[in-house]
Amino acid sequence: MSPKVHGIHHVTAMAGDPQQNVDFYAGILGLRMVKKTVNFDDPFTYHFYYGDDAGNPGTIMTFFPWSSAGMRGRIGNGQLSVTSFAVPEGSLTFWEARLKAHRVKIRGISERFSETVLSFDDPDGLLLELVSSPAERRPGWENGSIPADHAIRGFYSVTLSLAAYERTAGLMTSTLGYQAVEDADSRFRYESGTGGPGTYVDLFCQPSAPRGTMGVGAVHHVAWRINDDESQLQLRRELLASGYQVSPVMDRNYFHSIYFREPGGVLFEVATDPPGFAVDEPAESLGQSLKLPPWLEKERALIEQNLTPVTVRKP
Ligand code: ZN
């Protein structure tokens, strides 16, 4: 049987001011900053990773923060348009009050399939959701700033905005091993692996919507989980055989990655679960100091000079 992906590994977006990004994701949303490093392809830009206690795959939201003057993106077709996090059933009242208290732009609460959805914007205009679902069973971070009963569990789903969904759906169900779950109002839901929260991808079909553009406030790519290097190489061969232009395997230090663009224009990555974020610092102190991959260590002084320090602080 060919190797299949099993859920969302991480989502990576472009942000504006780095401290504002830390204040929102680690402060207001209460995610753990599990890695503070740089963009390996542009080492004078930070790369922040937020997740659960251990930074498990399926919980990791990552950002390349530029500055508040960075070029703005526009959310639209050919992009991951909405990133949805899972919270326990009954937690949306807590979250609505918390977001309001911090003057977060709330777009509203709605019902979708069998879930309740709180929609809001991050400080750069990235579209986010908190989804409350009875199917959510993952534990919350015990030592975070949000009570574990309400803490974000990881991703619930991602929404890809597409002018047409059929070819993307074909890729998801054939090569990537997804199964259709349900659909309504131009939203077609698929799940992978064992299914459930953290594995859903919604293909949202909007034939007349404008295409998105990359920049601050837009998602750069979504990564799907794969078990190991061998499965990744096999999937890479299958994608190449199907005509996709797939990158070589890239060493991202915390996982190994391949990249390709799906038929609707969204940049996909497939990332291995191992080795994870404790590979270069103790699990207890993840994210506290600037980590660089071995090949950038010799430039540490220059890199640090060019980065504005940031701190995790309570809102
Ligand atoms: Zn990535």
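The values are calculated or read from the model by the stated rules, or taken from the named source; none is laboratory data. Here the structure is a predicted model, which means the values were calculated and not measured. We place every Cβ from the backbone using ideal geometry, glycine too, and count neighbours over all the protein chains shown. Please note that ligands, DNA and RNA were not included when accessible areas were found on the heavy atoms of the full protein model with its side chains. Shrake-Rupley method; radii C 1.70, N 1.55, O 1.52, S 1.80 Å.
Go through region 1-38 and give me each residue that's aromatic (Phe, Trp, Tyr) and in contact with a Pro (Cβ under 6 Å, 6 or more places away or on another chain). Talk me through it step by step, then tell me what you get.
Within region 1-38, the subset aromatic (Phe, Trp, Tyr) is 24-25.
Once the filter is applied, which keeps residues that are aromatic (Phe, Trp, Tyr) and in contact with a Pro (Cβ under 6 Å, 6 or more places away or on another chain), region 1-38 yields only PHE24.
Please specify each residue of region 188-222 satisfying the condition of being surrounded by fewer than 16 Cβ atoms within 10 Å (Cβ to Cβ) and charged (D, E, K, R).
Within region 188-222, ARG211 is the sole residue that qualifies.
Which of the following residues is touching a Phe, Trp or Tyr at 6+ places or on another chain (Cβ under 9 Å), within 30 Å of PRO210 (Cβ to Cβ) and in contact (Cβ under 8 Å) with a residue 24 or more places away in the chain: LEU290, LEU239? So that I can check it myself, show each step before the final result.
Working: LEU290 fails: within 30 Å of PRO210 (Cβ to Cβ).
So the residue among LEU290, LEU239 that is touching a Phe, Trp or Tyr at 6+ places or on another chain (Cβ under 9 Å), within 30 Å of PRO210 (Cβ to Cβ) and in contact (Cβ under 8 Å) with a residue 24 or more places away in the chain is LEU239.
Within region 230-243, count every residue that is open to solvent by 40 Å² or more (accessible area, probe 1.4 Å) and either out of contact with any strand residue (DSSP E or B) (no Cβ under 6 Å at 6 or more places or on another chain) or within 12 Å of the ligand (Cβ to nearest atom) (or both).
If we filter region 230-243 for residues that are open to solvent by 40 Å² or more (accessible area, probe 1.4 Å), which is where we start, we get 230, 233-234, 236-238, 240-243.
Filter once more, so that each one left must be either out of contact with any strand residue (DSSP E or B) (no Cβ under 6 Å at 6 or more places or on another chain) or within 12 Å of the ligand (Cβ to nearest atom) (or both): 230, 233-234, 237-238, 240-243.
Qualifying residue count, region 230-243: 9.
Within region 160-187, how many residues are part of a loop (DSSP other than H, G, I, E, B) and open to solvent by less than 20 Å² (accessible area, probe 1.4 Å)?
Step one: filter region 160-187 for residues part of a loop (DSSP other than H, G, I, E, B), giving 163-165, 174-178, 185-186.
Restricting the remaining residues to those that are open to solvent by less than 20 Å² (accessible area, probe 1.4 Å) gives 175-178.
Residues that pass the stated criteria total 4.
Which residues, taken from region 119-147, are of a type in the set (D, E, K, R) and either open to solvent by less than 20 Å² (accessible area, probe 1.4 Å) or closer than 30 Å to GLY76 by Cβ (or both)?
First pass over region 119-147, keeping only residues of a type in the set (D, E, K, R): 121-122, 124, 129, 136-138, 142.
Listed by number, the residues that qualify are ASP121, ASP122, ASP124, GLU129, GLU136.
Can you work out which of the residues in region 244-301 that are touching a Ser or Thr at 6+ places or on another chain (Cβ under 6 Å) and part of a loop (DSSP other than H, G, I, E, B) is nearest to the ligand (Cβ to nearest atom)? Give the derivation first.
Step one: list which residues in region 244-301 are touching a Ser or Thr at 6+ places or on another chain (Cβ under 6 Å), which gives 250, 255-256, 258-259, 262-264, 269, 271, 291.
The next check asks that each one be part of a loop (DSSP other than H, G, I, E, B); those that pass are 255, 262-264, 291.
Working: PHE255: 8, GLU262: 15, PRO263: 20, GLY264: 18, LYS291: 16 Å.
In this case the residue turns out to be PHE255.
Run down ALA218, ALA223 and say which single residue is in contact with a strand residue (DSSP E or B) (Cβ under 9 Å, 6 or more places away or on another chain), closer than 29 Å to GLU284 by Cα and within 16 Å of the ligand (Cβ to nearest atom).
Values: ALA218 fails: closer than 29 Å to GLU284 by Cα.
The unique qualifying residue is ALA223.
Given the structure, is ALA148 closer than 22 Å to GLY212 by Cβ, hydrophobic (A, V, I, L, M, F, W, C) and without any contact (Cβ under 8 Å) to a residue 40 or more places away in the chain? Walk me through how you get there before you give the answer.
Details: closer than 22 Å to GLY212 by Cβ: no; hydrophobic (A, V, I, L, M, F, W, C): yes; without any contact (Cβ under 8 Å) to a residue 40 or more places away in the chain: yes.
No; evaluated as a whole, the condition is false for this residue.
Between LYS291, LYS298, which is open to solvent by 70 Å² or more (accessible area, probe 1.4 Å) and modelled with pLDDT of 95 or more?
Working: LYS291 fails: open to solvent by 70 Å² or more (accessible area, probe 1.4 Å).
None of the other options fit; the residue is LYS298.
Yes or no, residue by residue, for (1) more than 17 Å from the chain's Cα centre (by Cα); (2) among the acidic types (Asp, Glu); (3) not in a loop (DSSP other than H, G, I, E, B):
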position: HIS10; (1), (2), (3): no, no, yes
position: TYR25; (1), (2), (3): no, no, yes
position: TYR49; (1), (2), (3): no, no, yes
position: GLU89; (1), (2), (3): yes, yes, no
position: GLU96; (1), (2), (3): yes, yes, yes
position: LEU99; (1), (2), (3): yes, no, yes
position: GLU111; (1), (2), (3): yes, yes, yes
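Say we look at region 1-33 and pick out the residues that are β-branched (Val, Ile, Thr) and away from the ligand (no atom under 14 Å from the Cβ); which of these is nearest to LEU286 (Cα to Cα)?
Our first condition is that a residue be β-branched (Val, Ile, Thr); within region 1-33, this holds for 5, 8, 11-12, 22, 28.
Restricting the remaining residues to those that are away from the ligand (no atom under 14 Å from the Cβ) gives 22, 28.
Details: VAL22: 14, ILE28: 19 Å.
So the residue we want is VAL22.
Of the conditions (1) free of Cβ contacts under 8 Å to residues at least 60 places away in the same chain; (2) not in a strand (DSSP E or B), TRP141 fails just one. Which one is it?
Unmet for TRP141, out of (1) free of Cβ contacts under 8 Å to residues at least 60 places away in the same chain; (2) not in a strand (DSSP E or B): (1).
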